[in-house]
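Notes follow once the structure below has been shown.
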Amino acid sequence: MKLNLDISTFLSHYWQQRPALFKAALPDFVDPLSPDELAGLALEEDVSSRIIVRDGVQWRSEPGGREDYSELGEANWQLLVQAVNHHDPDAQALCHAFRFLPDWRFDDLMISFATPGGGVGPHIDNYDVFIIQGEGERRWQVGPKGNYAARPNSGGMALVEDFNPIIDAVMSPGDVLYIPPGYPHCGQTLTPSLSYSLGYRAPSQTELLSAVADTAVDLGLGQQRFTSSEEHQNPALVSQQQQHQMLSMVQGLLEQPGLWQHTLGRLLSQNRFELAPCPPQPPLQAEEVDAALADGAELVRLEGLKVLQLEGDTLTLYLDGDDYSLSEGLESTAQRLSQAPSLSTADWAPLWRAQPDVLLAWLNLGYWRFE
């Protein structure tokens, strides 16, 4: 699916700066799945979903995944299903159209089906989002940044008060709306419709600090205790000198070789929603991989799996919160594994010959499969 968008103009004028509506940005758009298929996916135990019901000027949230929607009526409700790209190859293919942005930022593809009048209410996200209109029509309003009071009686949902829109438009199939963090927005369904939301997140300071601590524990770092040569005469006082010395200890930990790099690689390769691997049963044996090699099989990556590299380190791959070191001479193979959703036999054969244990482990985790 090709995105009809000037990427350089978008990145320089809109990305993380201001919202914008791009009409027919995905021309001839075809929904990757039907409303019935979406409802069926919501029934799966490992799939996160919810239903938002509108009642006048208020909204409430209910658990998603039900056999019968008839009691909700034919208006004023919406089904939202998270991380559909983890479960559907066609949904994952839609995400590839936006891969001009880095993989580590991509969160998930949420798909929603809404009846007329349905929506989630006015809210503000702390991440970038692209909203793609599928079948049907929805009216979207986006307001300016500002301090918005929480909407009263919103049933625990993080809704805000109404706003004066700077974008007010009806979206049709193939239209794309981009909204940076901090802009209030609200969608109202005009006809039964499918919508697709691609979220892009970045870690917060607290998430980074927590990840540093976790990685330090895993690597056996950060065991140094604070010591001082003299103590303040006031037993209830922590001196400024000791405050600064303790801060220096923490800063010194961050400078430990490899700690920061491992922290970033592990943290940024994790998914907020669980992946849906299908490990082969029984586990593959080396002889079966040899047969796949002889047959010219293609190696296909698990939908939603992030495979990251850190600039300056060409032989370490980060997958789903873990790191793997490849042998010298596999630099180009590591690059292909991180960049391509599928590899030809010629592309994955060098890894099998040099480190068969690594490829076999990935196959039996369900991270890659043969086709």
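The values are calculated or read from the model by the stated rules, or taken from the named source; none is laboratory data. Since the model is a prediction, treat every value here as computed from it, not as a measurement. For neighbour counting, all protein chains shown are included, and Cβ atoms are generated from backbone atoms with ideal geometry for every residue, glycine included. Calculation scope for accessible area: heavy atoms of the full protein, side chains included, ligands and nucleic acids excluded. Shrake-Rupley method; radii C 1.70, N 1.55, O 1.52, S 1.80 Å.
Quick look at the values:
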| item | result |
| --- | --- |
| Selection count, region 95-153, where residues are among the basic types (Lys, Arg), part of a loop (DSSP other than H, G, I, E, B) and under 20 Å from Leu21 (Cβ atoms) | 1 |
| Test: residue in region 74-87 that is over 18 Å from the mean Cα position of the chain (by Cα), surrounded by fewer than 19 Cβ atoms within 10 Å (Cβ to Cβ) and free of Cβ contacts under 8 Å to residues at least 60 places away in the same chain | yes |
| Residues that are in contact with a Gly (Cβ under 9 Å, 6 or more places away or on another chain), open to solvent by 30 Å² or more (accessible area, probe 1.4 Å) and of a type outside the set (Lys, Arg), drawn from region 117-139 | Ile124, Asn126, Tyr127 |
| Single match in Thr189, Thr263 (criterion: β-branched (Val, Ile, Thr) and out of contact with any helix residue (DSSP H, G or I) (no Cβ under 9 Å at 6 or more places or on another chain)) | Thr189 |
| Members of region 54-101 found to be within 21 Å of Asn153 (Cβ to Cβ) and either in contact with a helix residue (DSSP H, G or I) (Cβ under 7 Å, 6 or more places away or on another chain) or charged (D, E, K, R) (or both), listed by number | Arg54, Asp55, Arg60, Glu62 |
| Selection count, region 324-354, where residues are within 13 Å of Asp290 (Cα to Cα) and touching a residue at least 24 places away in the same chain (Cβ under 8 Å) | 5 |
| From Leu5, Leu11, residue being assigned to a loop (DSSP other than H, G, I, E, B) and either within 22 Å of the chain's Cα centre (by Cα) or surrounded by 12 or more Cβ atoms within 10 Å (Cβ to Cβ) (or both) | Leu5 |
| Enumeration of residues in region 288-324 that are in contact with an Asp or Glu (Cβ under 8 Å, 6 or more places away or on another chain), open to solvent by 10 Å² or more (accessible area, probe 1.4 Å) and assigned to a strand (DSSP E or B) | Val300, Leu308, Thr316 |
| Count of residues meeting criterion [of a type in the set (S, T, N, Q) and part of a strand (DSSP E or B)] in region 40-70 | 3 |
| Selection count, region 245-284, where residues are in contact (Cβ under 8 Å) with a residue 60 or more places away in the chain and either over 22 Å from Pro102 (Cβ atoms) or open to solvent by 70 Å² or more (accessible area, probe 1.4 Å) (or both) | 9 |
| Residue that is least open to solvent (accessible area, probe 1.4 Å), among those in region 220-244 that are closer than 27 Å to Gly258 by Cα and hydrophobic (A, V, I, L, M, F, W, C) | Leu221 |
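Yes/no matrix, rows are residues, columns are (1) surrounded by fewer than 16 Cβ atoms within 10 Å (Cβ to Cβ); (2) under 24 Å from Pro102 (Cα atoms):
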| position | (1), (2) |
| --- | --- |
| Thr333 | no, yes |
| Leu337 | no, yes |
| Thr345 | no, no |
| Leu351 | no, no |
| Pro356 | yes, no |
| Leu363 | no, no |
| Tyr367 | no, yes |
| Glu371 | yes, no |
